[in-house]
Amino acid sequence: MKDLMDLHTHTIASGHAYSTITEMIAAACDKGIKLLGITEHAPKMPGSCGILYFSNFRALPRERMGISVLFGVELNIMDYEGNVDLPDDLLREMDLVVASLHTPCIHPGTVEENTRAYLNAMKNPYINIIGHPDDKRYPVDYRAVVESAKEHGILLEVNNSSLKPTSFRGDPTERYTRMLELCREYGQPIIMDSDAHVDVAVGEHDCAKRLIEEIKFPEELIVNTSPDKVKKYLNCYKNKI
Ligand SMILES: [Zn+2]
Ligand SMILES: [Zn+2]
């Protein structure tokens, strides 16, 4: 399987990640990634960068070392109403927007509450990817999540960091298998992301690939195989169409 992109990664700006933008790009280049997304944690994540950081992306070149680099954010979904921690006028200007549930920002609820948080967040027109929808602390109704992603044109992520044995989100194999079976049923595309917090992890999708191969998930629903497939999902391209 061709694997040309990694759209969810963090640099030192996130406060608990360890490489610079330049180191991340160089690592992506080495791994054959053609499209790299740098998505720092939004301001409500303790220790991450503030609103001004996300206001100045115009300073950053989008082509470096022969690859395309996109700059965005990993939002925190803050409540079951799906509110997030950056305003629409900033999100609109970003290349891409990931939204996730994180324990410092939202208390794990019931299946109904966690699902409602995702479904409401997906109504936000600037959210492009739901990050790691696999956390055992936030059980969800996967059928409702997949249906909503399909309706709103949002990618669901298979997060390689979650699938590593060192993950703190609990072994998500069963939950991802359920999600992927539903994605197959609905024709809902997915993206494999590393969620790298250090340069050596950029482009690392080995655990995600293993699972995808095991369940024979159809390649046409994996956007990593072609930059064209991802274009209709990302702010930076959607705005130009
Ligand atoms: Zn996250
Ligand atoms: Zn992340």
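For the reader, a short list of remarks on this structure follows.
- Of all DSSP-defined beta bridges confined to region 5-238, some 10% are antiparallel rather than parallel.
- Computed over the chain: relative contact order in percent, which uses C-alpha pairs under 8 Å that are six or more apart: 22 percent
- The chain - mean residue ellipticity at 222 nm from DSSP helices (-39,500 (n - 2.57) per run, n ≥ 4, rounded to 500): -8000 deg cm²/dmol
- Charge dipole (Cα centre; +1 on Lys/Arg Cβ, -1 on Asp/Glu Cβ; no other charges) of region 99-241 amounts to roughly 400 debye.
- Listed residues Leu86, Ile21, Leu75: farthest to the positive end of the dipole of region 1-128 (Cβ charges): Ile21
- For region 24-92, the Cα gyration tensor yields ellipsoid semi-axes of 26, 13, 11 Å (square root of five times each eigenvalue, largest first, whole Å).
- Enclosing the Cα atoms of region 24-63 in their convex hull gives a volume equal to 84 cubic angstrom per residue.
- When the P(r) of region 39-132 is calculated, the portion above 18 Å amounts to 44% of the C-alpha pairs.
- For the chain, a crude dipole built from +1 on the beta carbon of Lys and Arg and -1 on the beta carbon of Asp and Glu, taken about the Cα centre, is about 420 debye to the nearest 20.
- Cα-based radius of gyration of region 98-241 once divided by 2.2 N^0.38 Å, which approximates compact folds: 0.99
- Cα centre as origin, Lys/Arg/Asp/Glu Cβ charges: region 76-164 dipole, Debye: 320 debye
- Under 26 Å of direct C-alpha separation, and excluding same-chain neighbours fewer than eight residues apart, Lys229 reaches these lysines: Lys2, Lys31, Lys34, Lys123, Lys150, Lys209, Lys216, Lys238, Lys240.
- Region 69-103 and region 153-223: distance between their alpha carbon centers, rounded to Å: 20 Å
- When the alpha carbon coordinates of the chain are projected onto the principal axes, the ranges are 41, 39, 37 Å, largest first.
Just so you know, all these numbers are worked out from the coordinates, no wet-lab data involved. Being a predicted model, the structure only gives us computed values, none of them experimental. Reconstructed Cβ throughout: ideal geometry from the backbone, glycine too, with neighbour counts over all protein chains shown.
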